[in-house]
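Asker: Below you will find the structure I want to go over with you.
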Amino acid sequence: MVELRDKASAASVRPPSVVDRVYESIYERLVSLAIAPGARIPIDVIARELNVSQTPVREALSRLEREGLVYKAHLIGYSAAPQLDRKRFDDLYNFRLLVEPHGARLAAQNMTPEALHTLEHIAADMADGGMPVDRNSRYSRFARIDAHFHDEIMRIAGNEVMRSTLYNLHIHLHLFRLMYHSRVTEDALDEHENLLTAFRNGDADAAEAAMREHILKSRERLVPAFE
Ligand SMILES: [Zn+2]
């Protein structure tokens with residue numbers, strides 16, 4: 001995921017900048033609903049809270065705007081992207097079901113010990129929860145790592161068109177905003193483990209099936225958000 005973003009940005013050779021830090025902070029607030037879907041994002045307030053000038057906040061917001069995560073309206077300024085509606089939710093899952101199980105099959109066929117090691121490392125990172133931080137950071141961190149895990153599988157699959165199309169939809173951010181729920185995170189870990197088992201065994205059929213199962217169960221967990 002990082003690689004993709006770096007490729008698309010001139011900032012790739014620099015260490016994390018003030019803009020990156022502001023971007024991360026706003027991203028985290030979007031995932032954890034600290035900034036609600038559709039809510040205004042006042043530049044001056046964010047700048048004050050992060051103790052930075054308004055310039056990096058503007059830059060971070062225009063990056064988020066290019067990614068479709070915030071919107072800018074004349075005279076109103078920036079707002080968080082609206083919550084997914086049921087149609088968009090169904091469309092996203094149908095798309096995932098078309099692309100990701102096939103991606104998992106390709107990844108199983110292309111798997112190397114190094115690639116498997118990277119995936120296992122990401123999965124372990126996800127399970128351990130990281131540093132004891134507040135619930136918001138923990139939740140958004142989980143969303144980021146889950147996105148990274150899925151992106152890494154697509155990277156291993158080797159089809160950059162499939163990978164970048166999925167990446168640019170920011171599916172994980174949108175889905176995690178739907179339901180702030182710990183079960184979403186715990187159940188996913190077991191399903192990722194099934195995927196890893198298939199990869200370890202070099203079993204392309206099992207990898208495809210495990211990914212399909214993971215996406216179907218993820219959809220099941222989130223559907224109640226619309227009820
Ligand atoms: Zn997942």
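The values are calculated or read from the model by the stated rules, or taken from the named source; none is laboratory data. The structure displayed is predicted, hence computed values, not measured ones. Reconstructed Cβ throughout: ideal geometry from the backbone, glycine too, with neighbour counts over all protein chains shown. Ligands, DNA and RNA are excluded from the accessible area calculation, which covers all protein heavy atoms including side chains. Shrake-Rupley method; radii C 1.70, N 1.55, O 1.52, S 1.80 Å.
Asker: From the Cα gyration tensor of the range 60-110, with a ≥ b ≥ c the square roots of its eigenvalues, which class applies: rounded if a/c is under 1.5, or else prolate if a/b is larger than b/c, or else oblate?
Answerer: oblate
Asker: Roughly what angle does helix 135-157 make with the longest principal axis of the chain, taking Cα atoms, 0 to 90 degrees, to the nearest 10?
Answerer: The angle comes out at about 50 degrees.
Asker: Keeping all protein chains in place, calculate the accessible area per residue for the chain (probe 1.4 angstrom), answer in Å².
Answerer: 51
Asker: While we're on this one: Please give, to one decimal in nm, the separation of the simple spin-label points placed at ASN94 and ILE43, each 7 Å out from Cα toward the Cβ.
Answerer: Each label point lies 7 Å from its Cα, and together they span 4.0 nm.
Asker: Given +1 on the Cβ of Lys and Arg, -1 on the Cβ of Asp and Glu, and no further charges, what dipole in debye does the range 61-114 carry about its Cα centre, rounded to the nearest 20?
Answerer: 140
Asker: A further question on this structure: Subtracting the Cα-Cα distance from 0.36 nm times the residue separation, let me have the gained length for ILE76 to ASN201 in nm, one decimal.
Answerer: 39.6 nm
Asker: Could you work out how much longer the chain between GLN83 and ARG21 gets when fully extended? Use 0.36 nm per residue separation minus the Cα distance between them, nm to one decimal.
Answerer: Gain on stretching GLN83 to ARG21: 19.9 nm.
Asker: Give me the percent of the accessible area of the chain that comes from carbon and sulfur atoms, probe 1.4 Å, all protein chains in place.
Answerer: 53
Asker: Choose one answer from HIS192, HIS148, HIS74: the residue with the largest mean-square fluctuation in a GNM of the chain with alpha-carbon springs under 10 Å.
Answerer: Answer for the Gaussian network model of the chain: HIS74.
Asker: If you don't mind, another one. Could you size up the charge dipole of the chain around its Cα centre, putting +1 on the beta carbon of Lys and Arg and -1 on that of Asp and Glu, and report it in debye to the nearest 20?
Answerer: The calculation lands at about 920 debye.
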